[in-house]
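Any read-out appearing in this document is the output of simple, stated calculations on the displayed coordinates, not a laboratory observation. From a predicted model like this one, the values you see are computed outputs, not experimental measurements. Note that we place each Cβ from the backbone using ideal geometry, even for glycine, and neighbour counts take in every protein chain shown.
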Amino acid sequence: MPSGVLVFGEAVEGGGGLAPVTGELLGAAKSLGGPVTCVLLGAGVEGLAKECGALGADKVIVVDDEVLKDYQGDAYVHVGERICKEADPSVVLFGQTTIGRDMAPRLAARLGTAVAMDCVELSLDGEKLQASRSCYGGSARARYTINGTPQIATLRAKVYDPPERDDSRQAEVAKQSADVSADAIRTRIVSRRKEEVEGVRLEDAPVVVSGGRGLGGPEGFQPLEELAGILGGAVGATRAVCDMGWYPVAAQVGLTGKVVTPDLYIAVGISGASQHMAGISQVKNIVAINKDPEANIFQAARFGVVGDWKEVIPAFTEKVRELKAG
Ligand SMILES: Cc1cc2nc3c(=O)[nH]c(=O)nc-3n(C[C@H](O)[C@H](O)[C@H](O)COP(=O)(O)OP(=O)(O)OC[C@H]3O[C@@H](n4cnc5c(N)ncnc54)[C@H](O)[C@@H]3O)c2cc1C
């Protein structure tokens, strides 16, 4: 009889410790109840097992092997499949990360079950996982159940808080070898190019100041960068402006861009098309500045300013600067 929740944790590349998503996954797993097992795959990850215990894992399965140094679907899915078959969990959770997006569906196919991707809420009705996903550009939620075992889901970033850390808590740690032959890995990493980001990353920013077509041109982003800088935030953009080359595509927020979850999202000259709203559906505080009082963005905004951004943003920036100064 399958039981418990198995979480695939992640480490920050280059030995940067446990990735924040791991704590969030453990928080989600704890909320479902039952024993929680955390799996850590990688090279040099053994030292992170203790932290998983402090964050609520009852058991940690560590596969620390050079062959798992970089994410390679073939190797990770092979090891993940074996662990799932041995542990026989009722629920398996991944982050909606680069690894989770690739690995979860592949694992589901191998195990003959299904996966609910990009979930924003999870609960259990008896043994049945109820997985909610955002749909219609964030205007509605769809609830999924999975006919198959284990029930696999990937979780959107920042929808669950990590459990309170308790360093006195100790998890049972089980070490395993990867047992993957190099021949079984059909891909190899030829080179890496890291996107250079000045300041805080859009996905991690506590404040995002985003610009749309209403800015009138690429130069409109300069005052937004200034405001974001003062607020310790990052700059986002709509697809319309990225398509026109006004701002880098890496900053695009929405259905085909990034999903952001800052504490505060300032939307400047953005109409609020459903495809844009899909990227900010979890944001609690949206402030919209738009000269059209009928703009859709005002429906989702906590505060709205009807006006020309060219007047509002400099005045607002000045006020923030004053408040910061003292
Ligand atoms: C398959 C698909 C995927 C898509 N994915 C995305 C996505 O990921 N992200 C995304 O953003 N879009 C996406 N889109 C595009 C989306 O449908 C909209 O076209 C886009 O979001 C509109 O961008 P915008 O708000 O900048 O422009 P507009 O809709 O043109 O809005 C501009 C706004 O600025 C206001 N304005 C004008 N001048 C001023 C001023 N001086 N001061 C204040 N306000 C002013 C106007 O009143 C207006 O509301 C997608 C579309 C499709 C079909």
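General remarks:
- When each of LYS69/LYS194; LYS30/LYS158; LYS158/LYS291 is checked by Cα-Cα distance, pairs over 21 Å: LYS158/LYS291
- Calculated P(r) of the range 192-303 - Cα pairs past 26 Å, %: 8
- C-alpha center-to-center spacing [the range 4-41, the range 234-262] in angstrom: 29
- Convex hull of alpha carbon positions in the chain: directionally averaged projected area 18.5 nm².
- Value of [θ]222 nm, deg cm²/dmol, for the chain, DSSP H segments ≥ 4, -39500 (n - 2.57) each, nearest 500: -8000 deg cm²/dmol
- Of every Cα-Cα pair in the range 5-184, the percent that sits beyond 30 Å: 12
- GluC sites (Glu not before Pro) restricted to the range 177-264 and DSSP loop, no more than 12 other C-beta within 10 Å: GLU195, GLU196, GLU198
- Taking 4.7 Å between beta carbons as the limit, the unpaired Cys residues of the chain are CYS84, CYS119, CYS135, CYS242.
- Candidate aspartates and glutamates for bridging to LYS175, where Cα separation is under 20 Å - those fewer than 8 sequence places away on the same chain excluded: GLU10, GLU46, GLU51, ASP58, ASP64, ASP65, GLU66, ASP70, GLU81, GLU86, ASP88
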